[in-house]
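So the structure is just underneath, and the comments pick up after that.
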Amino acid sequence: MKLTKLLIATGLSVLSANSVMASNVPHAEPWTAKEWLETKAAMPQGDIDKGKLLAQEGYCYSCHGVGGNNPTQSTPSLAGQNATYTYKMLLDYKSGRFYVDHKSHVMVNVMQYYNEQQMADMAAYFAAQPLPYAEYVEKDVDVDPAIVRLVAKGDTSRMIVPCASCHGAHGEGGMNETPALTGLSPRMFIRQMQKYKDGERHNDVNAGMAQFTKELTDDEIKALADYYAQLKPRGVK
């Protein structure tokens, strides 16, 4: 474990010196449904305690906050996130499937030092933490009924399925690799949705999100970002 810690620290130092270039990033083709189903079936059982130790020794908290709850909008919170989704994202960083810009450098580099079991352990640890409730957004705002309808019912005229059908009625995430959206910072939400819409992010299986985001307006994306940021996790009053 000390070796892993040393390698990660070394990798971060290299990155801070801007010596890792996009040409050095590993490359993998987008997931096929068959490939992802096989990978998901082979996902190791995660160990929460080992995952906590890995997160501590890997300095995850320095970017993602204590317990994976980041109080800023700079990087995503991992607390309460679907374990399968987190595991998939870590695999995507390691393989280069998720490399959208220079901000991906750190995670792509760091994940080269982890194996699948360690990724599953960290995913299990963060999944066991409570979902965040963002403190940097205005609460109890009036939400556009059209956005509530889009979340709950979708828009058949544009072939957009309800957000809640995959991400849960409270944004808590669905089954399998569907992520939780509750408490996600508006800046992070908008950035990732725009990457899907512009065709710069393509690690979604069957290109589902890429298809839906192309039909959304920029105003709708912003409104959805605000909606999920202020949405209370299930059980929070």
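Laid out as a table, the results:
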{"read-out": "Residue in the range 183-203 that is nearest to GLU29 (Cα to Cα), counting only those that are free of Cβ contacts under 8 Å to residues at least 60 places away in the same chain and part of a loop (DSSP other than H, G, I, E, B)", "value": "GLY199"}
{"read-out": "Top-ranked residue in the range 29-66 [being in a helix (DSSP H, G or I) and polar (S, T, N, Q); ranked as modelled with the lowest pLDDT]", "value": "SER62"}
{"read-out": "Members of the range 61-85 found to be farther than 20 Å from ASN203 by Cβ and buried (at least 17 other Cβ atoms within 10 Å of the Cβ), listed by number", "value": "GLY65, GLY67, GLY68, ASN69, ASN70, GLN73, ALA79, GLY80"}
{"read-out": "Selection count, the range 86-134, where residues are out of contact with any helix residue (DSSP H, G or I) (no Cβ under 8 Å at 6 or more places or on another chain), closer than 24 Å to GLN194 by Cα and not in a loop (DSSP other than H, G, I, E, B)", "value": "4"}
{"read-out": "Residue that is farthest from ILE160 (Cα to Cα) [pool: residues in the range 204-230 that are assigned to a loop (DSSP other than H, G, I, E, B) and touching a Phe, Trp or Tyr at 6+ places or on another chain (Cβ under 9 Å)]", "value": "ASP204"}
{"read-out": "Residue identified as under 17 Å from ALA120 (Cα atoms), surrounded by 22 or more Cβ atoms within 10 Å (Cβ to Cβ) and more than 13 Å from the chain's Cα centre (by Cα) among LYS94, LYS88, LYS52", "value": "LYS94"}
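The values are calculated or read from the model by the stated rules, or taken from the named source; none is laboratory data. These figures come from a predicted structure and were not determined experimentally. Positions of Cβ are generated from backbone atoms using ideal geometry, with glycine treated the same way; all protein chains shown enter the neighbour counts.
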